[in-house]
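The values are calculated or read from the model by the stated rules, or taken from the named source; none is laboratory data. Everything numeric here is computed off the predicted structure, so don't read it as measured data. As a convention, Cβ positions derive from the backbone with ideal geometry for all residues, glycine included, and neighbour counts pool all protein chains shown.
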Amino acid sequence: MKTAVEEGIFPGGVLLVERKEEILFHGAYGKADIFTGKDVTMNTVFDLASLTKPLATTLSIMKLEEQQKLSLDQTLGEIIEHFRGKDSAAITVRHLLNHTSGLPDYKPYFEQVRSIPEQERKRKFRELLFNEKLVCPIGVKTLYSDIGFMILSWIIERVSGKRLDYFVRDEIYEPSGLQELFFIDLDLMGKKVHNPSVQFAATENCPWRKKVIIGEVHDDNAFVVGGVDGHAGLFGTAREVGRLLMMLQRRFHGHLTGWVLDSKTIRKYFEKPERDARALGFDTPSTVDSSCGHYFSERTVGHLGFTGTSFWMDLEKEINVVFLTNRVHPSRENIRIRAFRPIVHDMVMKNI
């Protein structure tokens, strides 16, 4: 990790390793902000980017399914009337979770939305979602899609009556005692000052926001809708991500009773179907050049985030690795973390 910082692979990062109920390693390295010189510490809060998908959106869908408010085989047309009559109407919640919906991977919706009044942005954004065209037939192939998880956020809001950030806070994080996992509602930024003791890792020097982004979501599409969406927007410390993963592991193995999610639900979502590259809401290691290296078992789930974040959970060995960096600081052009990720995970697994 020290060498990676010295070589400019990322300015700073935190590595956390857990086995069963024990923290084996927790280290902080480098700079949270290269312009102010602030160091990364164990308390540094990172923009988790796409870790939002499994750790907020998917957990919320799991809870709604347990509450019998939602079925994985319900279609968009059944849940949200705006999709009726569209090509996407037959997409199910399951298709969205395992990225087999046929929806595109990404669209720069923010370019069409950022110039309109803030109070109109969410309506326009959702109009773009329900008018989105499929790029392949539903259920035929795995195509990773940010757009699918934007729609899942809408589903959570429609079914529960609460926006994603409030639902996951009330149903998952607060009952679990997790205080260092949160969304930042940009609509409230002017009315609510963050606790000055919160140390954020800086992300990109954004050309259109004309500033270095600190304490607000890096993802452009999430930013224009106020900082909260199903594909990005979650912030947290490595310690708190690790605590959540440990709870999931312990519940999966039947070692934790009375938690917010049932062990049967967790096992179902962690199961990797034969023909799909992904479990429900979680990624699994690729067969060649996996970012988690060579030593994680086949029974592994995890996810990567664009800002330089990741977690991997080996369900067989009961090992969790949380690796959070600010690799997009000051520019997203630095992609050297791709080659480094398997190296650091191999070193971890070889030394346990």
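For residue 118, which of the numbered conditions (1) over 21 Å from residue 332 (Cα atoms); (2) acidic (Asp, Glu); (3) without any contact (Cβ under 8 Å) to a residue 60 or more places away in the chain; (4) in contact with a helix residue (DSSP H, G or I) (Cβ under 8 Å, 6 or more places away or on another chain) fails to hold? All conditions pass for residue 118, except number (3).
If we keep just the residues of region 82-129 that are among the hydrophobic types (A, V, I, L, M, F, W, C) and assigned to a loop (DSSP other than H, G, I, E, B), which is modelled with the lowest pLDDT? It comes out as 116. In region 5-26, of all residues being of a type in the set (Asp, Glu) and closer than 14 Å to residue 318 by Cα, the one that is surrounded by the fewest Cβ atoms within 10 Å (Cβ to Cβ) corresponds to 22. Does region 70-79 include one or more residues that are in a helix (DSSP H, G or I), surrounded by 16 or more Cβ atoms within 10 Å (Cβ to Cβ) and in contact with a Gly (Cβ under 9 Å, 6 or more places away or on another chain)? Within region 70-79, one or more residues are in a helix (DSSP H, G or I), surrounded by 16 or more Cβ atoms within 10 Å (Cβ to Cβ) and in contact with a Gly (Cβ under 9 Å, 6 or more places away or on another chain). Inclusion of residue 46 among residues that are crowded, with 22+ Cβ neighbours inside 10 Å, of a type in the set (Phe, Trp, Tyr) and either modelled with pLDDT under 95 or within 15 Å of residue 200 (Cα to Cα) (or both) is warranted. Among residues belonging to region 315-331 that are out of contact with any helix residue (DSSP H, G or I) (no Cβ under 8 Å at 6 or more places or on another chain) and surrounded by fewer than 24 Cβ atoms within 10 Å (Cβ to Cβ), point out the one that is nearest to residue 35 (Cα to Cα). Checked region 315-331; the qualifying residue nearest to residue 35 (Cα to Cα) is 330. For region 50-59, the condition of being farther than 25 Å from residue 249 by Cβ, surrounded by 23 or more Cβ atoms within 10 Å (Cβ to Cβ) and either β-branched (Val, Ile, Thr) or touching a residue at least 24 places away in the same chain (Cβ under 8 Å) (or both) holds for none of the residues. Quick one: is residue 5 within 22 Å of the chain's Cα centre (by Cα) and β-branched (Val, Ile, Thr)? Taking the combined requirement at face value, the residue does not satisfy it.
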